[in-house]
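I have placed the structure first, in the form of structure tokens, so that the comments after it can refer back to it.
The values are calculated or read from the model by the stated rules, or taken from the named source; none is laboratory data. Worth saying up front: this structure is predicted, and the values here are computed from it rather than measured. Glycine gets a Cβ as well: all are built from the backbone with ideal geometry, and neighbour counts include every protein chain shown. For the accessible areas, the whole protein counts, side chains as well, though only heavy atoms, and no ligand, DNA or RNA atoms are used. Shrake-Rupley method; radii C 1.70, N 1.55, O 1.52, S 1.80 Å.
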Amino acid sequence: MSRRRSLLAFLLLLSISLSLFCWNASADFQSDELLQDDEEFGLEGARSPDLEHLNPIRTPIRRRSDPDSSSSDSKAIQFTLEHAFGDSGFSPAGTFTARLKSRNHGGPTLTKLRVSRNTLTHAEKEAFEKLLKEDDFYTIRVPSNVLSPGPDYIVSSIKARCLPRETLDEQFVIHAVGVNILAVNYGSAGPCQYPRPLKFPAKWSFNSYTLLKTSEEAPRTPAFAEELLAGENGEDEGVKPPEKSFWAKYWMYLIPLGLIVMNTVTQAMNMPEEQAGGQSGTQAQQTVAQRGPNAAARRR
Amino acid sequence: MAVRASLFFLFLLLCSLLAAALYEDQVGIADWHQKYIGKTKQAVFHTQKAGRKRVVVATEENVIASLDLRSGDIYWRHVLGKNDPVDQIGITLGKYVVTLSSEGSVLRAWNLPDGQMSWETSLEVLKPSKSLLYVPANAGVEKDNLILVYGGGCLHAISSVDGEVAWKKEFSLEGFNVQGISQPLGGSIIYIVGFTSNSQVVVNKVNAKTGELLNHNSVAYPRGLSGEALQVSSDLLVALDAARSSLVTINFQASDISFHHMAISNLVQKSFVTVSLLPLNVNGMFAAKVDSTVVIARVKDTGELKVTEKINDPSCVSDAILLTEGQEAFAMVQHADNRIHLSIRVNNDIATEILKESISVDPQRGHAQKIFINNYVRTDRSHGFRALIVMEDHSLLLVQQGAIVWSREDGLASIVDSTVSELPVEKVGVSVAKVEENLLEWLKGHMLKLKGTLMLASAEDVATIQGMRLKNSEKNKMTRDHNGFRKLVIVLTKAGKVLALHTGDGRIIWSVLLPSLRESDVCDSPIALNIYQWHVPHHHAMDENPSLLIVGKCGQSSDAPGVLSVVDSYTGKELNSIMLAHSIAQVIPLPFTDSNEQRLHLIIDRNSYGHLYPRTPDSINIFLREMSSIYWYSVDAEKSMIRGHALKGKCDLDSADEYCFSSKELWSIIFPSESEKIATIATRKMNEVVHTQAKVNVDHDVMYKYISKNMVFAATVSPKASGEIGSATPEEASLVAYLIDAVTGRILHRVTHQGAQGPIHAVVSENWVVYHYFNLRAHRYEMSVIEIYDQSRAVNKDVWKLILGKHNLTSPITSYSRPEVVVKTQTYFFTHSVKAVAVTATAKGITSKQVLIGTIGDQVLALDKRFLDPRRTLNPSQAEKEEGIIPLTDTLPIIPQSYSTHSHQVEGLRDIVTIPTKLESTTLVFSYGVDLFFTRIAPSRTYDSLTEDFSYALLLITIIALVAAIIVTWILSEKKELREKWR
């Protein structure tokens, strides 16, 4: 019994303290101040939004506009795309061309990636047809380092039956870090349904799309952490907690008060005859008045 | 009044359902905690002066503990941590235990009675080498004796009183390795003898008070030395020569170093294969193990050797202890069919055994591996001996007067893997529960409980009530219960022992030291790897026992052949074991079972061939059907590479093995080695159940979770920042988190955290990942969450499409179509560093999740996933608040009540395992390290059951009182009405 009572008290306390805590927290963190000179303080995380990753280059290559034409020190490079049919060995299938752009900080980065496919030879066409019939894998690979192709290749595969539409629609999603290709996700441009039906393309040529993805910076820990730090540094420039309404602030006092008043009033109305004459409206006697009706109730 | 009272009761009842934390007296009802120390490496018994009922041990789990010799209980214990292995242990001044750890770089003294650390000295170590601790034996209490420590090319003399370094001497000689330190009696001179890499014997004479080098002498031994040597007495060293065919006695205290050489074949008078020296520490004697024979030989002052005893097939020999002046005793253990024969001999009469005991030992403990002896004075004033024996399964026994006084199952300190097995179904007619004890007992118990409830119980009564609750037979039954709380936790230890623990109280139901994982001629140095469920009967659950698959391998190398063993979960009997012809790189339990309900397992070897088990025609039929949709990935941390594989067809090897399949590489991801290094890989648990596929937003919009069992979380750090925290600057450090689809190798999401570094701990569940790392810029630990949602299913939100059937909800999902995914992330600061992370698992996945964090303080903290919700905002709107979104804070709160280990510490915490129960609200949590801790937690409280201590009587009384009140008031009102009418 006592445990439950203490539990009740504890829960009440906990909820009150929690709600107070939440209030405090939200109250402190509500600054809408614009900290323009955060660079000056060397606070990290407040960098300007990097728009590049928001608009990935996503156009069919040959018609692409050229937003990077202003860059002066860029170098054209190219590397080969190789493919394999099922268990066959790899053979050249096309060429990637890209430009290397050096940034003022950090190493060079790849931009303007495009692919030009070699036309399929007769033998390759037959091999591809065989893949389609057997529902086997079509595999491509590119060198891991585009500047100096080493022994390491990035491999990616797809079930051949996913590719044919009107033409062979393919899409390269290339994840790169500097001049290193990290991963290539090779696949069809659209969805690939399951079970995969056997379907031959109308035209035996590749329709290629490329998409280059570079690293994305993690959004910094809650931005207000910096604001908090700035606040602690002394320049507490009137970041006032918003005014709470009277009710929101004092409800926990008002409700019991209201209950007491209501109780008193009802009791007083029930027993007007028992009202003693000597009760005036001072503070001290009011409490007596509150207790009085209870005593009366017990007497009844 | 009655109405009021009953209302009050009702209110209390409502409140009682909200119990969240635990009361002190509830500890131990649903949880248990077991303390272990690990396999004993060294032991020192207390000297006569310091009270002789304790032994101090250092273990391979880097624990220093003081054990009670009467009961085996732990008096005190210190876990030094993974990076601080204890090398040497000694007792000085009769009141301190001195430990040398971390390759001779840290020397600590612990107070013997209570384990308080008195002093700690860190010593300079130039290069890693064998470390040596020399505590002078005649350490008088009043004299300030110096402890000599050799480690890493430096000799330190340290005051045993306060740990002050008295002097230090560097030995800069290339390849110098100290073999012995000796200080002749009353000596102001210390001899340091060692070998160099080119077989020179070097003797340094050092002044004991100042460390001044008095004399340096070195002589080359022409035949070469193997580096293995034993110090036999204060002036003699016995070494093996380079060919390991003869023994060399080196006398180093004379003015010039003299050698005496003797072929081992002359010593044993037969040819031999292997030879090794055994430390014996008996003055003027040594032991050598030649093949399986132990030869005990005496070294004469002239350096000649004389064999005094040859013993066949002993298990081990103890160090010697001093009985009386000039009389030393040592023990020897021999093993013969489940009995160990202990014999104690003295040095001056080696042939006679002054004590011979034979003790029967549980065969599941294996052979004796180490023995430490201690003597005491018997009631008849003769010498008695007790022996501390370390067994093959890492357990520790104390043997005295021919009986095992106590045993500790310390193999449980080094659990490698664990799994869970259901208990047998309760059979009709077989009553497991005993009939209630006699009525008086029953009444007494209830009286006590009543007293406890009314707060009239004394402290003793409270203890009795507590004991009764703990004894409560319900939870310790050997049958399945309705809620699924009773199970067997089956653990595999480093020693190759499998133990089944009952979840009710943690007692060991059975244990088996797997014969296939023991050292033998076919398999030396076996390693236990994993444990899997092999056979879980559903159709014949009443009369078939489930079984387990234990996977191990022979030897350290990656091409070592594997070992499989199948063990019955109820009895612990080994049903079958196979020595594999191939290596084991990966074991994949497949989601298929054959007609005998044996689970199919695909074992991938080092050459990427897949081998199917069990090898039955039935399993191969099932497997061939599903072969085209089996994919797996492999991680090559050295090359920073992740590869995806699929099966191609039959093996192209020469042997026509139809259970062997070749594979092909489908995809690869290569992280640039100059900027990224794989730090952590995490995947979802295969048996996890997801209940809701979608999440409803505040604006009544639906987000579909991206739920794929093939999602892999990988985290890389920059190579410079792969070391300790602080080894790299924030500019050099970065952490990249990846979400990868393991079938196609598609990178679903990739995010860089600048200025962050490991250690990284991650947990993946449903559609989210939580990972913990260190932020160098903020100088704090952080936890990030990534939630991933599938956009391609968002079209299903259109009601019209649903009605017209134009939705894709029922279409099969293939990894080859690329769903559009969106990702929500958030990062929070977190105060603790973390040892392990896990997530709760429930039967249906309805209950909200908690992330279980093993903190650096070896406790398990249950943190609501709600705190790690990426949708938390600074000012949640009313609707968001109603949904339960917590206002955004920069730090995750640590609520002291949410430690699921409450006041216990799971020392050396390594892993946390969660097991769902049949009751949806509850998860079983088993955390292990050096200690074991088991409890059950309810992340959203036990909403689907009443608590165990729910008072049904109170409910009944309340109902009766209410009914009575209704009747009374009804009668009263009737009477009143009658009066009104008569008026």
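B:M686 exposes around 130 Å² of accessible area when a 1.4 Å probe is run over every protein chain in place. Using alpha carbon centroids, what distance separates region B:716-763 and region B:631-645, in Å? Answer, in whole Å: 17. Other protein chain C-beta atoms within 10 Å of residue C-beta, averaged over B:732-744: 2.
Residue separation of B:K976 and B:V963 scaled by 0.36 nm, minus their Cα-Cα distance, works out to 2.7 nm of gained length.
Taking the helices alone, chain B has a mean residue ellipticity at 222 nm of -3000 deg cm²/dmol, built from -39,500 (n - 2.57) per DSSP H run of at least 4 residues and averaged over all its residues. With a 10 Å cut-off around each Cβ of B:815-822, the average count of Cβ atoms from other chains is 4.
Sorted largest first by accessible area at a 1.4 angstrom probe radius, with every protein chain in place, the residues B:M627, B:M783 fall in the order B:M627, B:M783.
Cβ-Cβ distance of B:S833 and B:I354, R₀ of 56 Å, FRET efficiency by 1/(1 + (r/R0)^6): the value works out to about 0.55. Taking each residue as 0.36 nm, the span from B:L450 to B:L874 lengthens on full extension beyond its C-alpha to C-alpha distance by 147.6 nm.
Averaged over residues, the count of other Cβ atoms within 10 Å places the peptides A:179-189, B:814-824 in the sequence A:179-189, B:814-824, highest first. Per residue, region B:676-830 exposes an accessible area of 40 Å² to a 1.4 Å probe, with every protein chain left in place. Taking all protein chains together and rolling a 1.4 Å probe, B:R223 ends up with roughly 140 Å² accessible. Each peptide among B:442-448, B:580-586 gets the average number of other Cβ atoms lying within 10 Å of its residues, and from highest to lowest they stand as B:580-586, B:442-448. The value of relative contact order for chain B, using C-alpha pairs under 8 Å at least six residues apart, is 6 percent. Across peptide B:675-684, the mean count of Cβ atoms from other chains lying within 10 Å of each residue's own Cβ comes to 1.
Rolled with a 1.4 Å probe across the full set of protein chains, the surface gives B:K306 an accessible area near 110 Å². For region A:80-145 versus region B:314-371, the inter-centroid distance based on Cα atoms is 72 Å. Residues B:F830, B:F950 ordered from highest to lowest accessible area at a 1.4 Å probe: B:F950, B:F830.
Of the listed residues B:Y613, B:Y75, the order by accessible area with a 1.4 Å probe, largest first, is B:Y75, B:Y613.
Close amide H pairs (under 5 Å, H built 1.01 Å from N) link B:A836 with B:G854, residues at least 5 positions away or on another chain.
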